[in-house]
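The values are calculated or read from the model by the stated rules, or taken from the named source; none is laboratory data. Note that this is a predicted model, so its numbers are computed, not measured. All Cβ positions, even for glycine, are placed from backbone atoms using ideal geometry, and neighbour counts span all protein chains on display. These accessible areas exclude ligands, DNA and RNA; they are computed on the full protein's heavy atoms, side chains included. Shrake-Rupley method; radii C 1.70, N 1.55, O 1.52, S 1.80 Å.
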Amino acid sequence: MAHVRLNGITKRFGAHTALENLDLEIEDGQFFVLLGPTGAGKTTTLRLIAGLEKPTAGSIEIGGVDVGDWGAAERDVALVLQQYSLYPRYTVRQNLEFPLKSNIRRMAQPDIDQRVARAAKTLRIEHLLERKVDRLSGGEMQRVSIGRAIVRSPRIFLMDEPLSNLDAKLRETLRSELKDLQMKLGATFLFVTHDQIEAMSMGDKVGVLNDGRLAQVGTPYEIYHHPRDTYVAGFVGSPAMNLLPADLLGDRMRVPSGAIEFAVGPALRARLGRSSGPITLGIRAENVHLDPAGSIEARVWGVENHGVEKIVTLKTGDCLFKATMPATIATAIDEPMRLSFDQSRLHAFDAATGLNLSLEGRALEAAE
Amino acid sequence: MAAVKSSGRAAVNRLAVVGVIIATLIFLAPIYWIASTAFKPRALATTVPPTVLFQPEITSFIKLFVKRVQMNKAVDPATYAAAPWWEQRIMDNGERVLRTGDNVQLSGYPSRFMNSLIIAITSTVLAVGMGTFTAYGFSRFRVKGEADLLFFILSTRMLPPIVVAIPMFLMYRAVGLTDTHIGLIILYIAFNLSFSVWLMKGFMDEIPKEYEEAALVDGYTRMQAFFKIVLPEAATGIAATAVFCFITAWNEYAFALIMTNRRAQTAPPFIPSQLGSGLPDWTVIAAGTFLFLLPVAIFTFALRGHLLRGVTFGAIRK
């Protein structure tokens, strides 16, 4: 178990820059999730920490020691991959023993047996121990590869989208198992994923990567409720936050592409400080309310049913936005609706830089 | 409709089976001819039409292994009775076995056969081994000018080898490698290496690098990961490459003929050289050829599991 710190890490592959001046800190015992789309540099970050790649610039510390010159074997980290993480031709037991039989550990056989037995029990794979790995189902395979990580009691667990290849039900089960396991072991986890639900549900801290740069680091709550910029706002949350180009003039907010205009209340006005002019208005679907007295009029454009609720796409002028509504409300296509935005949950982003203009957003930036 | 279709397919299947059987018979016919000639008495070897039914005997194999001369008078009954059974078979043919003192003189065949084995096995092991390492390097590391290097390796196959036979012979003579085992081994490695590198590169590329990386993180060195994880995965490719390299080295005729004459001569140039001495004894030549076919057959048969088995990649499904 250990504290991990990346200082100004840059990684280039030829002309392509995968990571640019990345600073990242993972505290001891933390479940840290690195979230981002494909190609954002998540896997590269993980491989750098594992010692499978060398950074172009910057340093990596594990437990306060610079490990730049250490090979993968010496760093004592465990790696769980999306696929190919088990050795073929080996049985489950041989796979679990493999890391313990390495020369750098020189463990006695009874010790090995005991650790394998304990890991197998923790992950409920005892009945699979003598089976060849190509006879396992996808979920069993990922359990075994997590087992291969925990037998070693490594300083850090690195997980590269370990759940992405599993079907939805199994993913849900393993998600909570993994979180339980991390709490039980008190281990430091770095979990890489493109799935924001995994990030929000498991992470103590989430780092959102955008094209090789950290867009925001924070608790899932902070990431969701106080996105630092339009990128984080648009990436996190399902459905994505509505981002509408708007004009803020005095206490009037107007979306020119549709018939959206409303008075900005004093609380919101205070939150936005002195900003005015063209902005990007951000409002989550669940903060758009049906309101007979609302100033926004729109027509139903599309409906997605999600059981207890439905996500309704609304159209006004050329402007489309989404709202979450209880499933019991009748929504016929083209039906007009009156709505209002919950101003306490409304975000305004700089139209050019995309940064959050609200005061708490700035306070968050200042604090970092 | 379905019944018609499936019966149609069954007919096609039967036809295909008949076709395969016919093709197999055609391909096996020369081998049968050689094998049957090897077991025929000398008198039946050249009959027209060929004799199909005969009492098989192994006289030709005995003749193949010992040095013998034609006798000009019949053997006396006492000597015949005292001779071992295999020598009697030779005496039956009006020949006698040459001896130095009490030791039977062996013919050239056993030593040529051993030469073939030594040279083919050594060159195959080295060519496949070097090819495997080279292919692994090309497959896993960023090599400067990789495409050019691989093309250069391949380009050694672009010339028919015989084109360089004369310069090679002169060079070999200058450095004293003619008629040596090591000379032919080097030559056959050179023939096979490009093939081995390219074939193994294909197999190595198929092995996910995640396996070794997992091993590296698990506390193993690159070399240990290679031997423990990569090599077992590459076994199928290694077997296939080895079979091809072995066959090439085993069958090579032209260079063996030019570069060797006695000490390091292999079986291919030796067998036909026996044609020249007197009236050819086809049964002995057939016996030599038949034995010569066996190692390749055994080697291929032993590795057939590897050659046929689908590559068992992907402990985690793609």
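Which FRET efficiency, nearest 0.05, do A:E286 and A:K121 yield, Cβ-Cβ r, R0 35 Å?
Rounded to the nearest 0.05, the efficiency is 0.25.
Just reorder B:F244, B:F138 by solvent-accessible area, largest first, 1.4 Å probe, all chains present.
B:F244, B:F138
Any idea what angle helix B:231-251 forms with the longest principal axis of chain B, computed on alpha-carbon atoms, 0 to 90 degrees, nearest 10?
30 degrees
How big is the gap, in Å, between the Cα center of the range A:47-102 and the Cα center of the range B:137-202?
38 Å
What does DSSP give for the protein assembly as shown in terms of the percent of beta bridges that are antiparallel, rounded to the nearest 5?
So the antiparallel bridges amount to about 80 percent of the total.
Students sometimes get this wrong: rank A:K315, B:K209, A:K121 by accessible area, probe 1.4 Å, all chains present, largest first.
A:K121, B:K209, A:K315
Counting only protein heavy atoms and a 1.4 Å probe, tell me what percentage of the range B:109-281's accessible area is made up of carbon and sulfur.
Carbon and sulfur atoms account for 72 percent of the accessible area of the range B:109-281.
With a 1.4 Å probe and all protein chains kept in place, how much accessible area does A:S238 have, in Å² rounded to the nearest 10?
In the full protein context, A:S238 sits at about 90 Å².
At A:L355 and B:N13, where each label point lies 7 Å from the Cα along Cα→Cβ, what is the point-to-point distance in nanometres?
7.3 nm
Carbon and sulfur together cover what percent of the accessible area of chain A at a 1.4 Å probe radius?
Carbon and sulfur: 50 percent of the exposed surface of chain A.
Using DSSP, restrict attention to beta bridges with both residues in chain A and report what percent are antiparallel, rounded to the nearest 5.
Just about 80 percent of them are antiparallel.
Please check which bits of the range A:43-84 a label hung off B:R142 would reach, taking the label as a point 7 Å along Cα-to-C-beta and the cut-off as backbone N under 17 Å.
A:43-49, A:51-58
Using protein heavy atoms only (no ligands, DNA or RNA), what is the total accessible area buried between A and B, 1.4 Å probe, nearest 100 Å²?
So the buried area, both faces added, is about 2600 Å².
As a test, work out the antiparallel percent of DSSP beta bridges whose residues both lie in the range A:142-273, rounded to the nearest 5.
Rounded to the nearest five, the antiparallel share is 70 percent.
Please give the helix B:2-38 orientation as an angle from the longest Cα principal axis of chain B, in degrees from 0 to 90, rounded to the nearest 10.
Between helix and principal axis, roughly 40 degrees.
Show B:T156, A:T122 ordered by accessible area, largest first, where the area counts protein heavy atoms only and the probe is 1.4 Å.
B:T156, A:T122
Here are some pairs, A:K179/B:K209; A:K11/B:K209; A:K54/A:K184; which of them have Cα atoms lying more than 26 Å apart in this structure?
A:K179/B:K209; A:K54/A:K184
Per residue, how much accessible area does chain B show when a 1.4 Å probe rolls over the protein heavy atoms, in square angstrom?
Here the per-residue accessible area is 56 Å².
Could you provide, to the nearest whole Å², the per residue accessible area of chain A with probe 1.4 Å?
43 Å²
Specify which residue in the list A:Q82, A:I49, A:I60 is farthest towards the positive end of the charge dipole of the range A:27-99, using unit charges on the beta carbon of Lys, Arg (+1) and Asp, Glu (-1), about the Cα centre.
After comparing all options, I get A:Q82.
From the helices alone, meaning DSSP H stretches of at least four residues, give me the mean residue ellipticity at 222 nm for chain A, per-run term -39500 (n - 2.57), in deg cm²/dmol to the nearest 500.
Dividing the helical sum by the residues of chain A leaves -7500 deg cm²/dmol.
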